[in-house]
Structures are given as structure tokens and as C-alpha cells.
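S.K.: Let me begin by handing over the structure; questions about it come next.
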Amino acid sequence: MRHHRRRILMKFLKNITKKGDNFAAKLMLSYSILLLIILLIGINLYDISKNNLQESVKAQTKSQLEDAAGKFDSDLASMQNLALYFTRDRMITKFARTSIYDENEFHLNAYNAQISCRVYTPIQRLLPINSYYIHFNNSDYILSPTAFSHMKNYYHSNSMLENHYGQWQDTLKNGEKYSTFLPLSDFKKDSEDYLYILPLNTYIFHPVPAELCYEIDKDKLTGIFFSLVSQEGGALYVEDSRGKLQFSLGDQAGDFDRKELRNLNYKDDNANFKYKGDKLNVTRQTSSAFDWTYYFVLPETTISSSLSQLRNMFLFITAAGLCIGFMFLLFISRINERPVLQLNEQLNDTLSRAQQLQSSLDFQQPLVRNTFIRNLMLGRISSKDEMSYIKKYLKLSDDDKTYFVLYLVTYPNEEQLEEYGDTQYTRDLEDTEEFSYANSLSYDTNIIHCLQKYFGEPLYVFNPKKHNYAILLSTGYQDDTEDKEFPAICEKFENLHEDLLNQYAIWTIGGLGNTNHHLENTWKSYQQAYEAVSYASSTNIIQIYSNLDLASDAYYYPSQLSDSLTNFIKAGNKNQVAETFKFIIKENLKKRALSYPKMQSLLTEIYSTLSRIRYSIPEKDKDETIKLVDQKREEYLSFRQLEDIALTLCTFYGKKTSKSQTIDDIKDYIQKNYKDSSMCLTKLSDEFRLSESYLSYLFKESTGENFSMYLEHIRMDAALNLVKESDIPLSDIYQEVGYNNANSFRRVFKKTYGVSAKTMRDSTREGK
């Protein structure tokens with residue numbers, strides 16, 4: 001298209017010169033060339049900006065899929081941990097071995113097992129499940145926190161399909177062999193939920209296996225992936241290692257064969273394919289804990305819709321520039337003596353409009369800023385250098401300032417809040433379709449506008465999920481910050497609440513986390529604010545974490561805290577690891593009254609986090625520090641021992657990081673692995689434990705060129721050597737230097753060396 005425009009303009013200029021050598025024709029030619037140059041600059045600027053914006057949107061989609069998949073993986077891991085607890089519960093295992101023929105002992109042990117089962121019900125609040133139950137194969141009885149009956153009676157009393165009992169029975173009994181994930185609609189009327197079956201046939205239960213069954217809530221599952229599937233036309237497909245569909249969410253993109261998704265040519269876990277004339281974009285994420293693969297399919301038209309403003313502005317500027325240019329040329333053709341200065345004024349005006357276009361493009365690049373705020377809230381900062389870069393980018397400082405987080409949960413109206421009651425479940429409430437305003441695009445806009453009104457600019461907002469907002473606030477006080485600042489914050493929040501309720505019928509509750517003197521500890525305040533908001537209600541709309549009475553028998557160790565601990569260990573950040581354990585001890589020992597069983601459950605869950613990190617280390621990377629970890633795990637669990645294990649793992653990752661986090665090491669890694677077609681910035685980020693944005697910045701600052709250009713030069717140098725010195729067929733060389741496509745290789749080779757690979761080889765051999 002671009003070349004077609006150039007040919008038309010050049011033909012126009014040639015026609016002008018044929019009219020004669022008069023002054024007007026020469027002047028028209030001169031200024032036509034200038035207009036052409038400006039037009040071509042504008043076209044190139046638009047193309048570059050469009051491509052950059054599309055890549056940014058794809059990167060954001062990849063980040064959202066990674067976060068959502070990680071959250072669901074964590075939930076599945078918690079479900080598996082609960083299965084492990086059941087296999088170790090004395091009362092449950094005793095019932096599993098009880099004979100049905102000893103009726104008195106059987107019912108007594110069933111009652112005790114049910115009491116033990118109820119101990120674990122609090123975990124249900126943290127997981128996307130409606131209920132769970134255990135099936136015992138020796139008796140064919142079902143045991144849950146609320147029910148105990150023969151499986152046939154349980155089946156018919158739960159609105160199950162009449163003719164599917166045998167299929168359900170076989171499915172449960174197959175659970176003793178392997179885990180199963182399937183739609184609950186196979187057995188239950190009008191159900192959109194899922195059934196997740198985990199075997200309990202460990203050596204403890206042998207030879208009387210049992211199965212733990214979870215009913216996965218479809219709405220809660222959708223909430224985890226809401227930021228993705230809420231997009232128009234977005235569809236999520238989740239497959240296991242055998243290619244079996246586990247579940248799908250969102251608008252189904254079509255009835256295409258999902259095998260196409262597995263066979264696509266992915267680059268940075270992104271790929272494109274056409275289905276019935278529509279171009280679809282696919283983002284892939286492989287589970288780090290399970291053999292599952294997440295595929296998110298989004299029509300290209302949805303991605304391109306964000307370009308409408310950019311496209312409209314460019315068309316306006318182009319049309320205006322061409323009209324001005326055409327009228328000016330027509331005027332010169334009639335009046336030869338038109339002053340040249342007037343032409344310069346017109347050209348300057350066109351250049352000014354081009355600058356306005358660039359400013360508009362800069363305004364449409366908020367993704368980096370949002371990513372930095374998210375990483376700050378979630379504690380995903382890999383190094384001090386990255387922290388310094390984020391502070392500089394966001395214009396934040398620790399000097400004479402303290403930081404804290406305000407967490408807001410909003411609802412379309414008060415009636416919806418009252419329907420669910422004043423409980424901790426209110427923060428996880430999903431909006432129903434009847435509240436169409438809550439799903440409109442103006443909802444977030446109105447919230448942000450009111451936040452800016454009461455908390456000023458710049459506003460540092462993180463949107464963790466639908467209708468939830470976390471705001472980073474700061475104050476100039478260093479001492480007694482909460483006493484001085486929090487009353488004013490609460491007053492602002494109450495005014496914000498009234499404003500949103502009166503103007504938009506939006507109900508708001510909030511939670512305030514404690515203050516921190518160091519910006520890198522923002523994740524603590526975020527965790528506390530998130531916890532505090534669960535205690536807010538219609539009568540007490542904002543809760544301050546430091547004022548909460550948390551003396552309960554429920555331990556505090558949410559999945560976000562587990563993720564933060566994992567990130568700090570893998571970043572080799574010992575200070576933050578120690579801070580995390582101080583935070584865990586403070587929250588559970590000083591603010592809560594935990595029973596001995598609950599304390600042991602907490603220690604076991606922390607150990608589970610550390611175990612996942614320990615066993616994720618490749619065999620080739622293990623050293624003496626890992627042997628120390630393996631020795632320590634046999635000891636009695638305590639906070640001191642767990643922190644010791646965490647710091648030992650941190651030492652391992654710290655040594656690995658100190659060897660790798662230099663540009664020379666990064667260059668060396670690229671030099672050794674440039675043949676890998678999957679080489680990308682994401683892969684380098686994982687290898688060197690740095691965020692993609694910071695790694696890109698560090699590479700550009702140190703080398704003077706971006707990563708993709710550097711990698712291209714390395715591959716072209718290798719390609720040139722193979723073309724000149726080897727006998728490898730030209731049709732195979734592209735694979736030897738890391739390209740997936742022969743056409744792409746030929747295009748880059750000719751752009752780099754000015755001739756094709758064949759011409760280069762022929763001329764080299766003729767010279768010899």
C-alpha cells in the first residue's frame with residue numbers, strides 16, 4: 001500500500017515537469033517534493049506507532065494470562081494440599097478402614113470423620129469451589145462437612161440426572177487412578193460448574209482408596225480470568241498434556257479444531273491464524289505446576305479497535321495536509337509571484353500537526369506505567385536497580401515519605417451489597433448481568449475521575465480484578481503517620497462514597513493498610529488493605545487494618561503472600577525474604593490466637609511453597625546449598641527452620657543471579673543460544689530473573705540498541721559465515737541461525753547485506 005502511494009505521487013511529479021520550464025511548474029515541483037517527504041514521514045510514523053501499540057496490547061494480554069493462570073494454578077495446588085491433609089487426618093483414615101458391617105462403630109467413626117472434615121471448611125472461602133466431599137470405595141459412602149449418606153442417596157438428593165448414576169459412580173471410582181476435571185453438567189441438572197476429582201489412595205489409605213471431589217464454581221472461575229474473557233470475542237481454552245479440554249470460558253471464537261492451537265508457530269507465546277476469513281490472535285501460557293496449557297483466543301479486530309483514535313487522527317492530519325498542499329499548489333499555478341515565505345508557513349503548520357500526532361501516540365502508552373504499579377503492589381521487584389528505575393519512572397521517593405495502600409471494592413448499588421450481607425465474602429462478589437451499568441465502559445472512567453477528585457494527581461492505581469481498585473498513597477510525615485493522616489483519608493473516602501452513590505448509584509467499601517517507610521515494602525500494605533476490606537460493611541464502609549481485632553483461629557497466608565515469598569527467593573533478595581517472615585509471624589502470632597492444629601497447618605502450607613521452589617530447580621543446577629535444604633526438611637517444622645530453608649534457597653538463587661546479571665553474561669547467553677528459534681525477551685527475563693521492561697531498558701542503555709536488533713545482527717553474522725564458508729543448502733540455512741520462516745530470513749539478509757544469499761554465495765565462489 002505504501003509503495004503504491006509513492007508510485008502515484010512520483011507519476012504526478014513527472015507530469016508536472018512536462019508542462020514546461022516556467023517558474024510556476026518549477027516551484028510546484030519543489031514544494032510537491034517537500035509535501036511528499038512530510039507525507040511519507042507521517043505514514044512511516046503511523047506504521048511504527050501502530051505496530052508498537054499492537055505489540056504492547058499483546059504483551060499486556062500475555063501478562064494478564066500469566067497472572068490469571070498462576071492464580072488458578074495456586075488454587076489447584078491448595079486443593080491438592082487439602083487432599084494431602086485428608087490422607088493424614090486420623091479420624092478420616094480410621095473411618096476409611098471401618099467395616100460397614102460393624103454398624104455402631106461405623107456410624108461413630110463416620111461422625112468423628114465428619115467433625116474432622118468440618119475443620120477444613122474455612123479453606124473453601126479462599127478457593128473457587130461451592131462444596132467438596134469424599135467418596136470411600138470400601139463402603140460407597142459419601143462424606144462432606146454437611147452430609148453423610150450412601151452415594152446413591154447422595155446422588156438423588158442433589159438434583160442429579162436420573163439416568164446417569166452409573167456413569168457418575170464409575171467416574172468417582174476411576175478417581176483412584178488419576179485426577180479428573182470434567183463438566184458437572186454430565187450429571188447435574190442445569191449446572192455450568194465443574195467436577196474436580198483427586199485420588200486419596202496413598203499408602204496411608206491403602207488398600208481402601210478414596211476420592212476427594214470438588215465442585216468448581218463457574219462464576220468464581222470466570223472471575224479469575226475476567227480481565228481476559230470480558231474482552232469482546234475473547235475465549236479461553238485449557239488443555240491437559242494429552243490435549244484433552246479441561247474447560248473453556250468466554251465467547252467461543254469458533255468450532256475450529258483445537259489441534260490448530262497446538263500446532264501454531266508461536267513467537268513469545270503469541271501466534272496468529274485465520275478461521276473462516278477472520279484473523280485470530282492466540283496467547284499461550286504453560287502451567288508451572290501442572291501439565292496444563294492455557295490458550296486465549298482474541299479476534300484481531302478487538303486488538304485493532306484500540307487503534308481507532310490513532311487512525312482517525314492520522315487521517316485527519318493527512319487529509320488536512322493534502323488539502324492545504326493542493327490548494328497551495330493550485331494558487332501557485334495561477335499566481336507565479338506568490339511569496340515563498342507563505343509556503344514555509346504552510347509547511348511549518350503541517351510539521352506542527354505531525355508533532356501533535358506524536359504527542360497523541362505517547363499518550364496512548366500507559367501499559368508500562370500500569371505494569372510497574374502492579375509489580376510494586378504485588379512485590380514483584382527483582383533487584384535494587386529495577387526498584388531505582390521504577391522510582392525514577394514513577395517519580396517516587398523514600399525521602400521524608402511514607403507509603404500505604406487504600407483498597408476499594410465497588411458495587412453497582414446498595415441493594416446488591418445487602419443481598420450478600422456484611423461478610424468477608426462481599427469483596428469476592430461478582431456482578432450479575434442485570435446491572436448493565438456496572439459492565440459499561442464508563443464505569444471505570446467514573447471511578448477514576450472521582451478518585452482523582454479526592455486523592456489528586458498523579459494517581460497510582462492498580463486494578464487487580466473487576467470493580468476492585470488499589471491506590472498507592474503517600475504522606476510527608478515520618479512519625480505517627482497513621483494518627484495524623486488516616487482520619488483525613490477516611491474522611492475523603494466517606495466523601496468519595498457519597499459522591500459515587502449520589503451521582504452513579506455505585507456503592508463503595510474500603511480497607512487501609514499500614515504505612516511503610518520503604519517503597520519496596522508496599523506489598524505489605526497491599527496485603528493488609530486487601531484483608532481489611534473483607535471486614536468492611538454497609539454500616540462501617542472503611543476499615544483500618546491496624547484497628548482490626550484479628551484474634552481468631554484462622555491463619556493468614558493468602559496466595560498473594562505465597563507468590564511474593566516465591567518471587568523474593570528467586571530474585572535472591574534476602575532482605576525481603578526476612579521481611580516476609582517477620583510479616584507472617586506478626587500477622588499470625590501477634591494479631592491472631594491460633595490453635596496448635598492451625599499453627600501446624602500454616603507451617604505445612606509455607607513448607608509447601610518452599611518445596612515447590614526446591615523441586616523446580618533443574619538437576620544440573622543443584623549444589624551444596626540444596627543438600628542443606630534436603631537435610632533440613634526432615635526436621636520438626638518451625639518458623640525459624642522454614643526461614644532458614646528460605647534463606648538457603650535465596651543464597652542459591654543469589655549466587656546464580658550474581659553470575660548472570662551483567663550485560664556481558666547476557667550477551668554470552670545470546671551468542672550461545674541464538675540458534676534457538678524461541679529466543680525472545682521473555683525467555684531472557686526468565687533466565688536472568690529480571691522483568692522484561694527493566695531488562696529491555698538495561699540492554700538498550702548498555703549496548704545502544706534494543707534486544708531484537710542485537711539478536712538480528714548476531715544471526716546475520718552467523719548466516720553470512722555459513723553462506724560464504726559452508727556447503728549447507730541455502731534453503732536450510734535459516735534454520736541454522738534461529739529463524740522459523742525462510743521468507744523472513746531472506747528479507748532480513750537482503751536488507752542487511754544489500755544482496756540475496758544466493759548472489760552472495762555465487763560471487764564468493766567466483767572470487768575464489
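None of the figures in this text is laboratory data; all of them are computed from the coordinates on show. Predicted model only: the values in this text are computed from it and were never measured. Using ideal geometry, Cβ is built from the backbone for each residue, glycine included, and neighbour counts are taken over all protein chains shown.
S.K.: Taking 20 Å as the cut-off for C-alpha to C-alpha distance, list the pairs among LYS58/LYS751; LYS667/LYS700; LYS484/LYS582 that go past it. Intermediate values should be presented prior to the final figure.
M.R.: Working: LYS58/LYS751 27 Å; LYS667/LYS700 12 Å; LYS484/LYS582 26 Å.
Listed pairs above 20 Å: LYS58/LYS751; LYS484/LYS582.
S.K.: State the Cα centre-to-centre distance between region 745-768 and region 528-605 in whole Å.
M.R.: 63 Å
S.K.: Any of LYS71/LYS590; LYS724/LYS758; LYS71/LYS220; LYS62/LYS683 with alpha carbons more than 18 Å apart? Name them for me. If you can, show how the numbers build up before the last one.
M.R.: Details: LYS71/LYS590 28 Å; LYS724/LYS758 10 Å; LYS71/LYS220 12 Å; LYS62/LYS683 13 Å.
Distance filter (> 18 Å) returns LYS71/LYS590.
S.K.: On average over all directions, what projected area in square nanometres does region 663-767 have, based on the convex hull of its Cα atoms?
M.R.: Details: hull surface 27.8 nm².
Value for region 663-767: 6.9 nm².
S.K.: Still on this structure, I have one more. Pull up all non-local amide H partners of ILE544: gap of 5 or more, or a different chain, and H-to-H distance under 5 Å with H placed in the peptide plane.
M.R.: So ILE544 has HN proximity to LEU512.
S.K.: Can you list the residues, at least 5 places off or on another chain, whose amide H is less than 5 Å from the amide H of PHE247, using H built in the peptide plane?
M.R.: Long-range HN contacts for PHE247: VAL238.
S.K.: Fully extended, how many nm does the chain gain between ALA742 and LYS259 (0.36 nm per residue separation, minus their Cα-Cα distance)?
M.R.: On the way: separation 483, 0.36 × 483 = 173.88 nm, distance 2.40 nm.
This chain segment gains 171.5 nm when fully extended.
S.K.: If R₀ is 60 angstrom, what is the calculated FRET efficiency for the pair ASN495 and LEU84, using the beta carbon separation as r and rounding to 0.05? All intermediate terms of the calculation are to be shown ahead of the outcome.
M.R.: Working: r = 49 Å, r/R0 = 0.82.
Once the sixth-power term is evaluated, E becomes 0.75.
S.K.: Could you derive backbone 3J(HN,Hα) for region 723-738 from the dihedral phi with the Karplus parameters 6.51, -1.76 and 1.60 (θ = phi - 60°), listing whole Hz in sequence and x where the residue is Gly or Pro?
M.R.: My calculation for region 723-738 gives 5, 7, 9, 9, 9, 5, x, 4, 5, 9, 5, 4, 5, 5, 10, x Hz in order.
S.K.: Within region 230-283, report the trypsin sites (Lys or Arg not before Pro) that DSSP leaves as loop and that have at most 13 other Cβ atoms within 10 Å.
M.R.: On the way: sites: ARG242, LYS244, ARG258, LYS259, ARG262, LYS267, LYS274, LYS276, LYS279; in loops: ARG242, LYS244, ARG258, LYS276.
Answer in residue order: ARG242, LYS244, LYS276.
S.K.: Also, quick follow-up: What distance in nm separates the two pseudo spin-label positions at LYS453 and SER677, each 7 Å out from Cα along the beta-carbon direction?
M.R.: In this crude spin-label approximation the distance works out to 5.6 nm.
S.K.: Please list the non-local residues whose amide H lies under 5 Å from the amide H of PHE148, H modeled 1.01 Å from N, same-chain partners needing a gap of 5 or more.
M.R.: none
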